[in-house]
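The values are calculated or read from the model by the stated rules, or taken from the named source; none is laboratory data. This one's a predicted model, so the numbers in the text were calculated from it and none came from an experiment. Here the Cβ is made from the backbone with ideal geometry for all residues, glycine too, and neighbour counts use every protein chain on show. Ligands, DNA and RNA are excluded from the accessible area calculation, which covers all protein heavy atoms including side chains. Shrake-Rupley method; radii C 1.70, N 1.55, O 1.52, S 1.80 Å.
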Amino acid sequence: MRNTIVAGNWKMNGDLTLAEQLAEQMAQQAVSESVEVVVFPPAVYLSAAAEKAVNFSVGGQNAHAAQSGAFTGELSMAMLKTAGASHVLIGHSERRSLFGETDQQVAEKTLAAIAAGLTPVVCVGETLAEREAGKLEAVVKQQVTSALAGVEKGQPVVIAYE
């Protein structure tokens, strides 16, 4: 049986004080055992939110597929894990549209997340132009199929339709 997942992406908003306050407020909320709550604070506040996470999980908003290397400004999956993350957003619509992230990169990141012990939250969805052209199903099917290539049965993956 699958649990319901409620996730909130803080995007590039707030400061450390706000991150700590939001995490503290969330920690005080009653959450049903059948609901998994995951928040995605900015990376610099991930550890602070993770410290307060008693009834919710935290995740990274993005990470690189490589374990290490000359990728200035990027984070590895292991870095997120060390900071307290249990999940990572992959293929968010903004990463795809603003930064040109491809289905191939999403697939690589998905496998890297699993290898690092993180649960990838793979974001899929069509653009407005694709929807208006009647391509919704084809686009989403391609994104899901590509993202799951190489994922073995039973490995944790969440698909989030945006």
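Test of understanding: among Ala19, Ala27, Ala23, Ala7, which residue is modelled with pLDDT under 85, of a type outside the set (Asp, Glu) and surrounded by 13 or more Cβ atoms within 10 Å (Cβ to Cβ)?
Ala27
List every residue pair whose Cβ atoms lie under 6 Å apart, where the two residues are 6 or more positions apart in sequence or sit on different chains, the first residue falls within the range 118-132 and is open to solvent by 70 Å² or more (accessible area, probe 1.4 Å), and the second residue, located anywhere, is hydrophobic (A, V, I, L, M, F, W, C).
From residues that are open to solvent by 70 Å² or more (accessible area, probe 1.4 Å), there are no pairs.
Any idea which residue in the range 41-68 is farthest from Ser86 (Cα to Cα), counting only those that are in contact with a Phe, Trp or Tyr (Cβ under 8 Å, 6 or more places away or on another chain) and in a loop (DSSP other than H, G, I, E, B)?
Pro42
Might you check whether a residue that is touching a residue at least 40 places away in the same chain (Cβ under 8 Å), touching an Asp or Glu at 6+ places or on another chain (Cβ under 8 Å) and surrounded by 19 or more Cβ atoms within 10 Å (Cβ to Cβ) occurs anywhere in the range 90-108?
Within the range 90-108, one or more residues are touching a residue at least 40 places away in the same chain (Cβ under 8 Å), touching an Asp or Glu at 6+ places or on another chain (Cβ under 8 Å) and surrounded by 19 or more Cβ atoms within 10 Å (Cβ to Cβ).
What's the number of the condition Val38 fails, among (1) open to solvent by less than 60 Å² (accessible area, probe 1.4 Å); (2) β-branched (Val, Ile, Thr); (3) part of a loop (DSSP other than H, G, I, E, B)?
Among (1) open to solvent by less than 60 Å² (accessible area, probe 1.4 Å); (2) β-branched (Val, Ile, Thr); (3) part of a loop (DSSP other than H, G, I, E, B), Val38 violates only (3).
Do we have any residue at all in the range 42-53 that's open to solvent by 10 Å² or more (accessible area, probe 1.4 Å) and under 14 Å from the mean Cα position of the chain (by Cα)?
The answer is yes, given that some residue of the range 42-53 is open to solvent by 10 Å² or more (accessible area, probe 1.4 Å) and under 14 Å from the mean Cα position of the chain (by Cα).
So, of the residues in the range 43-79 that are touching a strand residue (DSSP E or B) at 6+ places or on another chain (Cβ under 6 Å) and within 17 Å of Ala160 (Cβ to Cβ), which turns out to be modelled with the lowest pLDDT?
Phe56
Which of the residues that make up the range 107-149 are over 21 Å from Gly59 (Cβ atoms), in contact with a helix residue (DSSP H, G or I) (Cβ under 8 Å, 6 or more places away or on another chain) and not in a helix (DSSP H, G or I)?
If the condition is that a residue be over 21 Å from Gly59 (Cβ atoms), in contact with a helix residue (DSSP H, G or I) (Cβ under 8 Å, 6 or more places away or on another chain) and not in a helix (DSSP H, G or I), then Glu126, Thr127, Ala149 are the ones that fit.
Restricting attention to the range 142-151, does a residue exist that is at pLDDT 95 or above and open to solvent by 70 Å² or more (accessible area, probe 1.4 Å)?
Looking for residues that are at pLDDT 95 or above and open to solvent by 70 Å² or more (accessible area, probe 1.4 Å), one finds at least one in the range 142-151, hence yes.
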